[in-house]
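This report concerns only the one structure given below.
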Amino acid sequence: MTSQEDRHSEPAASQGFEAGGDTRGRNRIEAETVTVGVIYLIAFLLILGSRVISPAFGSLNQAMTILELASFLVVVAFGQGLVILVRGLDLSVASMITLGGVLTTMWIGADGNALLLIPLVLAVCFAAGLVSGMGVTFLGVPPFIMTLSSGIIIYSLCLGYTKGSPKGASPELLTDFMSGELLGIPTVVVFLVLFAVGATLFQGWTVYGRQLHAVGNNPVAARFAGLRVRTLTASAYGVSALCAGFVGMMLVGYAQGATLRMGDDYLLPSIAAVVIGGSSILGGKGNFAGTVGGAILLTTLTTIISAIGLAQGWKTIIEGVIILLALLLLREELFTAVQRLVGRQNT
Amino acid sequence: MSLDLRAGEIHAILGENGAGKSTLVKILSGVVAPDHGEIRLNGERFAPASILGARSRGISTGFQEISLVPNLSVAENLLLPRLGKGSAGLNSRRRTWDAAGELLARFDVTDIDLSRPVRTLSLAEKQRIEIVRALSHARNVLVLDEPSASLADTRWLFEQVRKQARAGVGVLYISHRLSEVRSLCSRGTVLRNGRSIDTVDLGGVSDDEIFQMMVGRSPDTAFPERHPSSISAQPLVDLRGVDAGQIQDASLKIHSGEILGVAALEGQGQRDLFHAIAGLTPVERGEIRIVGEPAHLTSRRAAMKTGPGIAFVPEERKVEGIFSGLRTAGNIAISTMAGCSRFGFVNHAIEQASVAKSAEQVELQPRYLGFRISELSGGNQQKAVIARALQSQARILVLFDPTRGVDVGTKQAVYKVVREFADHGGAVLIYSSELPELVHLCDRCSVVYGGQITEEFTGAEITEQALIAGVVGHRGDQPAVAEAG
Amino acid sequence: MAYGSKTSALSRLAGNGAAIIALVYVVLFSIYAVSEPTALSLFSITNLVNNFVPLALAAAGQTLIVLLAGFDLSVAGVISLTNVVLAVTPLEGPLGALAGLAIALAIGGVAGSINGLLVAYLRIQSIAATLGTMIVLKGVALLILSAPGGWISDWIVYELTDVAFGLVPISGLILLAVAGVWLALKRTDFGAAIYAVGEDETSASLSGINTRLTKFKSYCLAGMFYGLAGYMLSAQTATGNPNAGEPFLLLCFASVAIGGTSFSGGRGGMIGSIIGAATLLLMQKVLFSTGVSSFYTGMFQGAVMIAAVVFAAAMLRVSIRKGAA
Amino acid sequence: QDDEKFQIYLSLSYSGNSWQSEAANIVKALAKTPPYDELVELTEVISGTDPQAQISDYQSMIAAGADGIVSFPISSNALNRVIHQGCEQGVLFFMYDATVTEDCAYNVSYITSGFGENSAQYLVNELDGEGKIFLSRGVPGNSVDQRHTDGAMHIFDQYPGIEVVAEYYSYWDDRTTQQETAKALAAHPDVDGIWAQAGEHGAIKALLESGREDLVPVTGENSNGFRLALADPELQARGLSGVSAGSPPAQSGYAFKLMMEMLLGKRELETHDIQYPLPWVPADQVKLCEGDTFENGCNAFPSGKVPDSFVTEVFNPTLLPELSIPSALEGEPTPGAEIQPLPAEVVPAPNEPGINCRRCDPPANHYELTKVEPTVEPGE
Ligand SMILES: Nc1ncnc2c1ncn2[C@@H]1O[C@H](COP(=O)(O)OP(=O)(O)OP(=O)(O)O)[C@@H](O)[C@H]1O
Ligand SMILES: Nc1ncnc2c1ncn2[C@@H]1O[C@H](COP(=O)(O)OP(=O)(O)OP(=O)(O)O)[C@@H](O)[C@H]1O
Ligand SMILES: [Mg+2]
Ligand SMILES: [Mg+2]
């Protein structure tokens, strides 16, 4: 033991190497935090900059509108992010949103027992997602095909069940949730903040979240380390469907009804939010705080762009270009380069 | 850091894990650009910007973390990035095979099928292909980073390296096996914390002195003592006529308090034997009893959960061992997370405390715990994988070549932990490609040859000569069998 | 050497994801032919081929990117843009058609090189970078044509959808040519590099492959495939539509996936994707001819897609076992 | 299969919203109404949103020996070739609502009836020619959206006092309209009026959601929710007014009946483009129906009877007296109803480039107002 002590208490020798800027452990954390910070910063600057377009922009009111609209995307993107974390991709979120919405209006409606039935609807969504997940893990169907197919199947079932137009209205509980206020702040915004914090902790700090990271990072090693690879992987799809189903409910509360295409607008953006937020599309790396930033950034962008008085073609081009610029700013290489530059100047 | 290498010289680079050996290799091969300083090759300035740049100047490298592409065939991997061209200017399979076959023949590799995707090779086979590729491009300098780490039989390697040296190529040879270095190299440069401490004539210094230079302290070379008396009569693990993968009719017992070694050349089925006990290869026939009860080791998890618990250190660190995106602490704790949490949330205080303990056992410096594991040197990654196995409260420890790439000093620490583990009533099964390790560490040692357990030695019977004879299929009680593997 | 025979069987099958999806195609086609007597007429077959060629070309291009473990969403934008550009610049005659082809390839090539720059050199994740370019391309298409309109030159429309020698659909010949290009490409160093980089970028780079250039070239080439897809689509629809490329987005990934190319990179090939595309559109026919109730069409589509993949995986397992025995 | 019967295919794009399913249900109900129940074998095919899929389905229908195809076309031009092939084999093509530019197909549509210009003029009148407005459009790159918007802009451009402060695409969907309008309201809380295409009810919901007290005039299409809102005295008091016009699902029934009359040899059509009259219900003319049919001029249903998203214009007492609410909601025939002959006269639709003809010029009186007179003098 004494010899080990010697090794560790030998500052003179090891400092030589460390002093050369070997502060990797700490710097990494910063790089990740900085990425997240920069996303929020870009969103914030966009809002401020948009004053040029309209004096009503940049107001608290506008920020609330953006957060309200972003709340849908944030929730779907959480599930999508978990699936991406385990090397998958969930193309069924659109249909799962529809499933949640359709079941909410058809089963609960304006005067059903919402408190009892909402968990039931969510359980159905979770089960549907779990089935996709098991198709991926036990049948070995590639996630892309599995979720695309299960999405088509769920949509088709909704179509058959509703005969094309979903009947029924929004439960009052959901309407209140989506349009109510809490201490002068829209309830959804309060929910959004709580959800963002809770889900970030869930993904990054729980045993489950850690295990998902590991499975996504190296499934073989995860199996060798004794993790329940397949159960964990399948569960991520279940959670994703659950989130999507809940977004279906939120949309019912927001728009006072369900339509079969209500989820379509969220598929690509949910993936985009996750990736812009710094997660790797190849799995194993992801931080939900970044995803929330990505979702808010995307929503801010579309909100501002829709207010520009230009031909749709130009608006679309501007949207794409700003996304690309944001991605360029968010590259990790850029931080490393900046860091190195700063480091050099200091020494 | 400075170093001079002469033509025709085999020059050793020595240093503890994380000293910067691999980094030096990467600089030489154009993968990493140096911050300061310059390299001169035959007197000319040499600043390679890529592997190809280095190759064009006759410098070629065999990397520590095998750099073959798993989905391509052996032949293609040998020739990348330019495959054999046919008449139409397109790649021709036959030309590729011919050219690659020539290479294999030139470097005396006869037992690896050119058409096999590298994915299906064993680690040792991959290592040999990696070496052949390096050999094939070496005109001026050959750099080999721990080429022998997973080779049970190093004769082939030594012969090839010497041949290169005789042809005037300067060889930089990195290994943690001092005996190897001594028999191969004339001079050696010792690195510590990224600096070259000294270049010495290996003939003129003792192991202790080298060690002193490497880590700045005296070595602790004694193997831990055996305690044959503490071995219980009841086996903890009892294999009865097990068929699994390449393994046929394997029977063996591991008692608590005992370290059972397995000696074998590459690819004799020892991997399946270990995997069967770890729950990774299904048992097709026969049974495995744990503490006398038949056990169904249908998955890794089942094996971990079974009565006394089975911990496992896998062979291929990069593929089966590490989670490159996770921090080192997370890597060590991943199998035992439930014990580090409160209400499903990871409790950092508990995690840090428990991880720190096993990290210390394998001499992994605490400062590395916060790093992403991909930023650690190969040896330090290996230490983390061993630490993970130690973390679990298992009483059965299955180690497949655990000290691969681990520096001399740390090896002793690992031996000590393993022995302590046995002394506390655990059972250890260990395979090693380094026979001396088995000789000094094990209470008993089995030999696996051709998918079967052919021999078993106990206590003083375990000698290098006996094991070498055994692993090549030459049984003590039988006339010699000519071929080896 | 038992292990050796196992692996050679494996490697033979690895290139044969295409063979398995082809088998699925044959099964589906038999069902179709039995339930629809006119299925084997030249008219039906020409229609069938003309229908799937644009998707097959798009999927072929996408395969290059998926082999690199990437996603290229710009496919939708390139097809739309090519389509509207061709629709507003009608160039008559065979020479005009050739010029149109050059325009299509140029649009794809430029878009692809931008993607390549962003992904290979600026190191942005492919799915995000190409999402950006897709949106930009869509915008440009909308600027050129704000609503469906314009027309494609008659020569393209009639000749390219016709039948050559009274026997073979011309679009099918074009597809064959593309398949030929692929087979040749696979046998170049660039082709081998695509597989290597997709499997393991670090190892590929340590093996001396210029990984960035490989990626860059792949994106350019993929873009040109999309341009060609847009060109053939224009021949089909005869007019321009700024949203023409949208339906291709998910479908072309689906084609690649059921064609046996792995989304984690390094495994698969274009031929599988082409047959995959053909299978997807054949499914439409089978569903029609077997009279599946319209509301539940999707259920069958989904189920068939899953079944095809599970079947392919099972076949692979069986043949590996056989090879090992 | 029964050779005696006409093989008719109903080809939809997707059946995912009220409008689409009502239109399909109407055709299904009519095909089950005597005497057509004995004459028609109707097969419904849903092609989704991909034109290639609809092309493939048309080809299959032609190959399967269709006599007629009544269809909502996914694309105004991509289907032309297959339609042409079908016509040559004697198949009748009747498109409803959306149109195709292939000459041999019949288009039955309200698109040429001036929704854009009339509703725009109505809004201008409500605003006295002054104010900031939103345009809530349909699908970008769609020719119908373009036609409506062109018509509207033709009017708005004549009034310098009218300023379009936000223009956004709502994909003819309630929820999208609501979200997009909410975004626009965040930028321009001082808006004075909204001109909307389908999905208009979402615009009203967004206005209500924004928490503002004073509402503004909104013009839009035919959802029941919108009509109920227009007629709501409380909302009217807060400043809501407007007109409900736009696309009626009943077009499908008219197209189907026209096609059947042709197949039965009872009718020759001179023109291939038939105009369906534009519904026109200003706020003060909304009238609730008591029963299941439109009786004595009623044009909306009490809430609870049908969903808010239900598109009211499913009946037409002159053209489609056979229909009732169950026909539109479930595709069931009205008990006791029989198919009534259509009036002999059809209204030919004017040329509309890109909508119902390929290389043609619009008529001289393009964008002429038909439903409303300007009450404010246009500026210069
Ligand atoms: N990714 C994989 N690829 C191949 N085989 C796997 C994979 N994951 C698990 N297996 C096999 O499936 C069986 C069960 O494995 P394991 O218990 O590790 O995962 P699991 O099915 O998720 O566990 P559980 O069902 O307890 O949650 C084992 O035989 C294991 O070898
Ligand atoms: N990718 C990387 N990023 C940052 N630092 C790294 C990276 N790889 C290695 N290092 C650090 O550089 C130092 C030297 O590592 P190197 O791999 O050269 O050690 P080594 O001497 O080869 O050790 P070993 O014997 O364990 O292979 C170590 O402190 C290591 O943590
Ligand atoms: Mg090293
Ligand atoms: Mg016409």
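The values are calculated or read from the model by the stated rules, or taken from the named source; none is laboratory data. This is a predicted model, so every value here is computed, not measured. Note that each Cβ is placed from the backbone with ideal geometry, even for glycine, and that neighbours are counted across all protein chains shown. Areas reflect the complete protein model, heavy atoms only, side chains present, ligands, DNA and RNA absent. Shrake-Rupley method; radii C 1.70, N 1.55, O 1.52, S 1.80 Å.
In deg cm²/dmol, rounded to 500, what helix-only [θ] at 222 nm does chain A give when every DSSP H run of at least 4 residues adds -39500 (n - 2.57) and the total is split over its residues?
Values: 16 runs with 256 residues, N = 347.
Computed mean residue ellipticity for chain A: -24500 deg cm²/dmol.
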Checklist entry - In whole percent, what relative contact order does chain B give with Cα contacts below 8 Å and a gap of six or more residues? => result 17
Item to check | Shielding by partners, peptide C:175-187 (average Cβ within 10 angstrom, other chains) | outcome: 1
Item to check | Separation in nanometres of the label points that stand 7 Å from Cα toward Cβ, at residue B:356 and residue C:26 | outcome: 6.7
Checklist entry - Sorted by average packing, counted as other Cβ atoms within 10 angstrom per residue and highest first, what order do D:157-167, B:74-84 take? => result B:74-84, D:157-167
Checklist outcome for this item: Expressed in angstrom, Rg and Dmax over the Cα atoms of the stretch B:190-246 are 21.7, 54
Checklist entry - Among the DSSP beta bridges whose two residues both lie in the protein assembly as shown, what percent are antiparallel, rounded to the nearest 5? => result 40
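Order B:379-389, B:110-120, C:140-150 from most to least packed using the mean count of other Cβ atoms within 10 Å. List each step's numbers first, then the result.
Working: B:379-389: 26.9, B:110-120: 17.5, C:140-150: 22.8.
Those peptides, ordered most packed to least, come out B:379-389, C:140-150, B:110-120.
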Item to check | Unit Cα scatterers, Debye sum, the stretch D:276-380: log10 I(q)/I(0) for q = 0.17 Å⁻¹ | outcome: -1.01
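For an R0 of 22 angstrom, estimate the FRET efficiency from the Cβ-Cβ distance between residue B:88 and residue C:176 and round to the nearest 0.05. Write out the running numbers ahead of the final one.
Numbers: r = 18 Å, r/R0 = 0.83.
After rounding to 0.05, the efficiency reads 0.75.
Within the stretch B:7-160, what percent of beta bridges assigned by DSSP are antiparallel, to the nearest 5? Please report the intermediate quantities before stating the final value.
Numbers: 5 of 9 bridges.
Of all bridge pairs located within the stretch B:7-160, approximately 55 percent are antiparallel.
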Checklist entry - Dividing the convex hull volume of the Cα atoms of chain B by its residue count, what figure in Å³ per residue is obtained? => result 166
Item to check | Spacing of the two label points (7 Å from each Cα toward its C-beta) at residue B:298 and residue D:344, in nm | outcome: 8.2
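In square angstrom and rounded to 100, what buried accessible area do you get between chains B and A, total over both, with the probe at 1.4 Å?
On the way: alone 21340 and 18090 Å², together 35570 Å².
Rounded to the nearest hundred, the buried surface is 3900 Å².
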Checklist entry - Which residues does a label at residue C:292 reach in the stretch D:35-57, if reach means a backbone N under 12 Å from a point 7 Å past the Cα toward the Cβ? => result D:46
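Given the rule -39500 (n - 2.57) for each run of at least 4 DSSP H residues, summed and divided by the residues of chain D, what is its mean residue ellipticity at 222 nm, to the nearest 500 deg cm²/dmol? Spell out each step's value before the answer.
On the way: 12 runs with 123 residues, N = 380.
The per-residue figure over chain D is -9500 deg cm²/dmol.
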Checklist entry - Whole-Hz Karplus ³J(HN,Hα) for the stretch B:26-33, in order, using 6.51 cos²θ - 1.76 cosθ + 1.60 and θ = phi - 60°, x for Gly and Pro? => result 5, 5, 4, 9, x, 7, 10, 8
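How much space per residue, in cubic angstrom, does the convex hull of the C-alpha atoms of chain C take up?
Details: hull volume 46.3 nm³, N = 325.
Here the figure is 142 Å³ per residue.
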Checklist entry - So between residue B:319 and residue B:198, what do we pick up on full extension, going 0.36 nm a residue minus the alpha carbon distance? => result 40.0 nm
Next on the checklist: Can you bin every Cα-Cα distance in the protein assembly as shown into 10 Å intervals starting at zero and give me the percent of pairs per bin, rounded to whole numbers?
Outcome noted: 1, 7, 14, 19, 18, 14, 10, 8, 5, 2, 1, 0
Next on the checklist: Ranking request for peptides D:199-205, B:5-11, C:88-94: highest mean number of other beta-carbon atoms within 10 Å first, then the rest in descending order.
Outcome noted: D:199-205, B:5-11, C:88-94
Checklist outcome for this item: Over its alpha-carbon atoms, the stretch B:321-390 yields an Rg and a Dmax in Å of 11.0, 35
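Taking every residue in D:67-80, how many Cβ atoms of other protein chains lie within 10 Å of its Cβ, on average? Numbers along the way, then the final one.
Details: counts 0, 0, 0, 0, 0, 0, 0, 1, 6, 5, 11, 11, 2, 5.
That works out to 3 on average.
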Checklist entry - How high is the FRET efficiency between residue B:4 and residue C:123 when r is their beta carbon distance and R₀ equals 22 Å, given to the nearest 0.05? => result 0.05
Next on the checklist: Rg over Rh of the stretch B:32-86, using C-alpha atoms and the Kirkwood radius, what does it come to?
Outcome noted: 1.06
Item to check | Peptide-level mean, for B:314-327, of C-beta atoms on other protein chains within 10 Å | outcome: 5
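Remind me, what semi-axes does chain D give for its equivalent ellipsoid, largest first in whole Å, using sqrt of 5 times each Cα gyration tensor eigenvalue?
Working: eigenvalues 253, 104, 66 Å².
Largest first, chain D gives 36, 23, 18 Å.
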Checklist outcome for this item: The Rg/Rh figure for the stretch B:413-462, Cα atoms and Kirkwood Rh, to two decimals is 0.98
Next on the checklist: Going by amide H atoms built from the backbone, whose H comes under 5 Å of the H on residue A:287, apart from near neighbours?
Outcome noted: A:279
Checklist entry - Can you list the aspartates and glutamates whose alpha carbon sits under 14 Å from that of residue A:315, skipping same-chain ones fewer than 8 residues off? => result D:167
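Compute the relative contact order of the stretch B:321-390 as a whole-number percentage, counting only Cα pairs closer than 8 Å that sit 6 or more residues apart in sequence. Don't skip to the end; give the middle numbers.
Numbers: 81 pairs, mean separation 31.7, N = 70.
That works out to 45 percent.
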Item to check | Residue among D:264, D:230, D:342 with the largest mean-square fluctuation in a Gaussian network model of chain D, springs linking Cα atoms under 10 Å | outcome: D:264
Checklist entry - Under 5 Å between amide H atoms, partner at least 5 residues away or on a different chain: which partners does residue A:181 have, H built in plane at 1.01 Å? => result A:187
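Interface size between chain C and chain A, please: total buried accessible area, 1.4 Å probe, rounded to the nearest 100 Å². Before the final figure, lay out the partial values.
Working: alone 15150 and 18090 Å², together 29790 Å².
For C against A, buried area totals roughly 3500 Å².
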Item to check | Per-pair calculated FRET efficiency, R0 = 60 Å: residue A:59 and residue C:43 via Cβ, rounded to 0.05 | outcome: 0.40
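Given the rule -39500 (n - 2.57) for each run of at least 4 DSSP H residues, summed and divided by the residues of chain B, what is its mean residue ellipticity at 222 nm, to the nearest 500 deg cm²/dmol? The partial results should precede the final answer.
Details: 16 runs with 157 residues, N = 485.
Roughly -9500 deg cm²/dmol at 222 nm, from the helical runs in chain B.
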Checklist outcome for this item: Pseudo-spin-label distance residue C:213 to residue A:231, built 7 Å along Cα→Cβ, given in nm, is 5.1
Item to check | Gyration tensor over alpha-carbon atoms, chain A, equivalent ellipsoid semi-axes in Å | outcome: 38, 28, 18
Item to check | Relative pair counts by distance (%), Cα atoms of the stretch B:1-119, 10 Å bins | outcome: 11, 33, 31, 20, 4, 0
Checklist entry - So what's the angle, to the nearest 10 degrees on a 0 to 90 scale, between helix A:60-85 and the longest Cα principal axis of chain A? => result 70
Checklist outcome for this item: Between residue D:40 and residues 5 or more places away or on another chain, the pairs with built amide H atoms under 5 Å apart involve D:6
Checklist entry - Of D:205/D:305; B:318/C:186; D:28/D:257; B:85/C:186; B:85/B:318, which pairs sit farther than 22 Å apart, going by alpha carbon to alpha carbon? => result B:318/C:186; B:85/B:318
